[in-house]
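Reading through the structure tokens given below for one structure.
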């Protein structure tokens, strides 16, 4: 059935756009100001704050896109459905060059803007965004030479931590000072793990033979959750513990106590190194 | 068509002897023991061939001989041996006869399609059962239902089974069955290879299931290398079954490419090719180019495990990054191997039920080919925090986000096709429309994962898990069920019950979303994947998800009930063209004759000319015969 000339066609496009604009005008402020502060991760560090901002921006940008498509679909289900039982053909419209061009231009613009913005925040703004950057980080934050190095060693199924600037002691608890640039040097002595400190916004794979570096600036004290984010065998789910961001003075006394406790055993540890190569363990489970 | 006259039927036990599935199974098991024994003999006296507690050489040899025995028992050796002895090849119409042809080597593409449908379907339901068992464990935040090792085996079996099976989910049943009919051909380009691609699938599935008996799999479907080196003999089953599946995928790709490129009927120009066939072509290119990489990666794992090489062992000069790169170089095209056929199916069904031409046909083709090309350039987004090539991250971020442009074309096609349409909400149409809802959420959540700062939190968490279930289950599996309801009347000749179909759809759609949408939140709230214990604060969320997942399971039972009810009890013969579709596959009789067409048809018009005034019929089925004979 083709459209009869002169028949009044409702202005579907205008209606859909109007509904969408109203929904968007309501939802975007809600996303930014109501949902936004609750989006992860909690910002204990500058980097996790940047990640949350990325999540807010993307939610606020992508939700209207979803809304547009959904509004259109639901509108078409209501107004473009066949009400009779028969099979009636619709108007034979095969395409519209202008609409296609507009769609391509719009989606390309959004995508390129996202990619440019993402690259900028990654390299210049957030300096790696808390992610593991490998042994030679591409984005080094200012003052990276003076960052506090903390080595994170993954093994089946435990995390341990070494402080090379405090005599290379090894602890089972992780504590880092507040308002400090910390460089996590993540490595593994067996299979691949992934060091995930949720509230710090840190995730870096622990790979045998690789020193995977992630930078964070701490800015709040408190506890943070450590987990393993890469399947590493039987007790993968149990590689979780709590770490602490301590005020600077509290950290000094904590590390002094840890050094004292470690003094008698530190000589039995392997010498501090960026990576360790224990003999490969086969068929462990 | 040429039914061979059947004389007196021999007794049933006599008919079981011959080249069929049963013989294949017997020879396969016999081959396994023979191979394991030979492997044992080979390894004796060579300590480097033996691990600390097992001889992997024997296990691999066992599987290899088992597969050979399975294929010989099915009759795959008959043709080459017969040709060597100078016997004439068997013609396809000698393979007809009773239902037993579904359990034998058969080179009819329609038989292979139905074999695929039920074969893959069985493994799909086993994989789904694994998911139900996993959700039972996750009802409580501590270990309760299964020991940790069994839980990990469930995770790995579910993942591997589903990825392996869903790779063949659409190209297997519907690609094999309908592509030759849709392009006006009588068969596939390589019918014996086509049969081989199917019979490798049950072999791979059974080998994978055998992992349960050999200590399970602890690595998930990704099988990351140093962990895979440690695994017990179940890991060998994983390696072997993935090799078989990858060989099958490669051959499927080559076969379908050759068929589509060379066997189109006269008049079937590239712009008249049904969009489903375009999507199959794009997928075939991906399969033929990506799956061999998986074979290579798996052979290296096999060498590491069986012969103590060290491709992936860091302390003796290997690198697990090599495995990650090889695996994801296959693995990311693989996810588009899963997605593209779904695009094709929903775009194939939309014009039929919207009664309008497919809007922007060329754009849809460009979108699919664009996805094909770009999908080879994005794999390192799985490795953003792995510590390799940090300087390359902006590049992979860009390519990953670029791939959403051609994917978006598919949405524009749907939007244009629905514009002022006359939509009929049949069961297949409901599945097709749900595809767009699910894939929209799946696709947009992927944008979070492509952005490195956001990915640092979401990588390896339940967010990723929810994302790919939205694209694979919400996309591919919904498209699959749409295709089942759309095409099964043509394939099996019986109508499916519409009411049961709608109950299946609504339960599946609603509870699919109730299952997986909360898992985005679980990922945002610090829950890593593949754990059997989690933070107690997330228990309520997980109970809700498990309960919803059980309803998905229930909806699948309703689907099975519908199949049994409609195919066994009601047996209402389907109309030749129940949807009033213009597709060429609907213009042939039901059941489809063995050679599909009496004469190769001449294609006279595109398949989506709905509402076009004076549109010619889609094809001339008796070219050169009486004018305007029609059907």
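Tabulated results
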quantity	calculated
Conditions (1) surrounded by fewer than 20 Cβ atoms within 10 Å (Cβ to Cβ); (2) within 30 Å of residue B:443 (Cβ to Cβ): number failed by residue B:524	(1)
Among the candidates A:249, A:273, residue that is part of a loop (DSSP other than H, G, I, E, B) and more than 9 Å from chain B (Cβ to nearest Cβ)	A:273
Residue satisfying condition, being free of Cβ contacts under 8 Å to residues at least 24 places away in the same chain and part of a helix (DSSP H, G or I), within set B:68, B:59, B:81	B:81
Flag if residue B:115 is surrounded by 15 or more Cβ atoms within 10 Å (Cβ to Cβ) and either in contact with a helix residue (DSSP H, G or I) (Cβ under 6 Å, 6 or more places away or on another chain) or modelled with pLDDT under 90 (or both)	yes
Single condition residue A:231 does not satisfy, out of (1) within 23 Å of residue B:523 (Cα to Cα); (2) more than 19 Å from the chain's Cα centre (by Cα)	(2)
Some residue of segment B:238-256 being out of contact with any strand residue (DSSP E or B) (no Cβ under 6 Å at 6 or more places or on another chain), within 27 Å of residue B:360 (Cβ to Cβ) and either modelled with pLDDT of 95 or more or assigned to a helix (DSSP H, G or I) (or both)	yes
Subset of segment A:231-246 (residues that are in a helix (DSSP H, G or I) and either free of Cβ contacts under 8 Å to residues at least 12 places away in the same chain or in contact with a strand residue (DSSP E or B) (Cβ under 8 Å, 6 or more places away or on another chain) (or both))	A:236, A:237
Only one of B:316, B:301 that is assigned by TED's automatic domain parsing to the domain that holds residue B:177 and crowded, with 21+ Cβ neighbours inside 10 Å	B:301
Per-region count, segment A:201-212, residues buried (at least 24 other Cβ atoms within 10 Å of the Cβ) and more than 7 Å from chain B (Cβ to nearest Cβ)	2
Single residue of B:431, B:511, B:436, B:468 found to be buried (at least 24 other Cβ atoms within 10 Å of the Cβ), assigned by TED's automatic domain parsing to the domain that holds residue B:114 and part of a helix (DSSP H, G or I)	B:431
Those residues of segment A:73-100 which are more than 7 Å from chain B (Cβ to nearest Cβ) and farther than 18 Å from residue A:17 by Cβ, in sequence order	A:83, A:84, A:85, A:86, A:97
Condition broken by residue B:585, with the remaining ones in (1) in the same structural domain as residue B:137 (by TED's automatic domain parsing); (2) within 30 Å of residue B:505 (Cα to Cα); (3) part of a helix (DSSP H, G or I) satisfied	(1)
Selected residue [surrounded by fewer than 22 Cβ atoms within 10 Å (Cβ to Cβ), more than 8 Å from chain A (Cβ to nearest Cβ), under 24 Å from the mean Cα position of the chain (by Cα) and assigned to a helix (DSSP H, G or I)] from B:373, B:392	B:373
Residues of segment B:519-559 classified as closer than 22 Å to residue B:129 by Cβ and without any contact (Cβ under 8 Å) to a residue 40 or more places away in the chain, total	5
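The values are calculated or read from the model by the stated rules, or taken from the named source; none is laboratory data. In this text the structure is predicted, and so the values were computed from the model without any measurement. Methodologically, a virtual Cβ is constructed for each residue, glycine included, from the backbone with ideal geometry; neighbour enumeration extends over all protein chains shown.
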